[in-house]
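First up is the structure itself, then whatever we jot down about it.
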Amino acid sequence: MSRSAQVRRLVAALERVAEVAVEADYSGRGEQWVLHWGNGPTTTTMRTHLTGLTRRTGLAVELFKLSRTVQDNALALQAVRHLRTTRPGPDRYAYEAALAGTIERAAHGSEYPDRPQDERETVLAGRLLAAEGRYTSPERLAERLLRPGGGLAALLDDDLQEARPGDRLWAAEYLTNHYSTPEHQHDHQHSSRHDDRDDDRPDGFGGELGTAEQIRAWQRHLQTAPAPALLAAAAADAEAGPGVRIAALTLASQVRAELEAMLARHDHTELALITGLRAEGTAWAQIGRALGTTRQGAAQRADRLTTRVNGALTEQ
């Protein structure tokens, strides 16, 4: 079998192991072959695969040079992934330089950097790449994502406009987006909190949903405001439309469930403390004083806690 045929067989085997298309070019220098692939495994991982295959085929690993290209779709995906999992930096320009470096390192240092973790990541990365056109770079991606009017929220298009009752993520995002606009913010904090570095903050931000940092967290990073704050904003909104009310009602069920879970944990804790004190011989009168009630009230409270805790255990 000729050397070229051996290389073709090895490349086919390498493609199966690495799950990526590989091209082999004969360099003519030192009788070496250069193996090219896009995204996929890192060079270190590919060399490990190659070493195992050359041992079985009898070819020397020194015959091959490895060349990996990180493509634009991987850069866009890593940009989206990073922004979704970080908090915003206060200084746009310093953060922009740091973000560009982070995107590049993540893309080049990751195995299969173009593989999304979820459907949202796929959609956002695709829209980001489409907005960039035929060519992009970490620097261009960072500039687009951090410029005024940029960020991940700008890539949602009209996704939030279709009501999805019961979908808590949609509800939180819908309300955060709805109230992260100048007309829904008070300007009483703007003059005292203005930061000259933060030139991408729209005028008037800083109302009941918080500071410009919280608004920026949504616009750049898709980080929603706390559910109780969103509910309060919706309840106080005399002009709230059906979408706002549906979203708020969806979040209300989440907040209620969280409060009930917190109260259940509190019941367990309080009952354990009372039970421990009684086992140590502490009088009901002293327990009552700690609870701000009488000895009889403390005993009755212990009975109610026991009933609730046992009832919860029975339901489980």
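The values are calculated or read from the model by the stated rules, or taken from the named source; none is laboratory data. Since this is a predicted model, take the numbers as computed values, not measurements. Heads up, the Cβs are rebuilt from the backbone with ideal geometry, glycines too, and the neighbour counts pull from every protein chain shown. Please note that ligands, DNA and RNA were not included when accessible areas were found on the heavy atoms of the full protein model with its side chains. Shrake-Rupley method; radii C 1.70, N 1.55, O 1.52, S 1.80 Å.
List of remarks:
- Exactly one residue out of R265, R256, R220 is closer than 30 Å to R144 by Cβ and under 34 Å from the mean Cα position of the chain (by Cα): that is R220.
- Candidates A272, A298, A302, A261 - the one that is closer than 30 Å to N177 by Cβ and among the aliphatic types (A, V, I, L, M): A261
- Residue within the range 105-122 that is open to solvent by less than 50 Å² (accessible area, probe 1.4 Å) and β-branched (V, I, T) present: no
- Residue count for the range 196-231, restricted to those that are open to solvent by 30 Å² or more (accessible area, probe 1.4 Å), closer than 19 Å to A94 by Cα and either among the basic types (K, R) or modelled with pLDDT under 55 (or both): 4
- The residue of the range 151-178 that is surrounded by the most Cβ atoms within 10 Å (Cβ to Cβ), among those that are among the polar types (S, T, N, Q) and under 17 Å from the mean Cα position of the chain (by Cα), is T176.
- Some residue of the range 258-275 being surrounded by 11 or more Cβ atoms within 10 Å (Cβ to Cβ) and closer than 30 Å to H82 by Cα: yes
- Counted residues, the range 21-69 - those being in a loop (DSSP other than H, G, I, E, B) and farther than 21 Å from R105 by Cα: 11
- Members of the range 22-65 found to be out of contact with any His (no Cβ under 7 Å at 6 or more places or on another chain), closer than 30 Å to E132 by Cα and either open to solvent by 30 Å² or more (accessible area, probe 1.4 Å) or among the aromatic types (F, W, Y) (or both), listed by number: H36, W37, T43
- In the range 291-309, the residues that are part of a helix (DSSP H, G or I) and either touching a helix residue (DSSP H, G or I) at 6+ places or on another chain (Cβ under 8 Å) or open to solvent by less than 80 Å² (accessible area, probe 1.4 Å) (or both): L291, R295, Q296, G297, A298, A299, R301, A302, L305, T306, R308, V309
- Candidates in the range 123-150 are the residues that are aliphatic (A, V, I, L, M) and open to solvent by 30 Å² or more (accessible area, probe 1.4 Å); of these, the one that is nearest to R84 (Cα to Cα) is V123.
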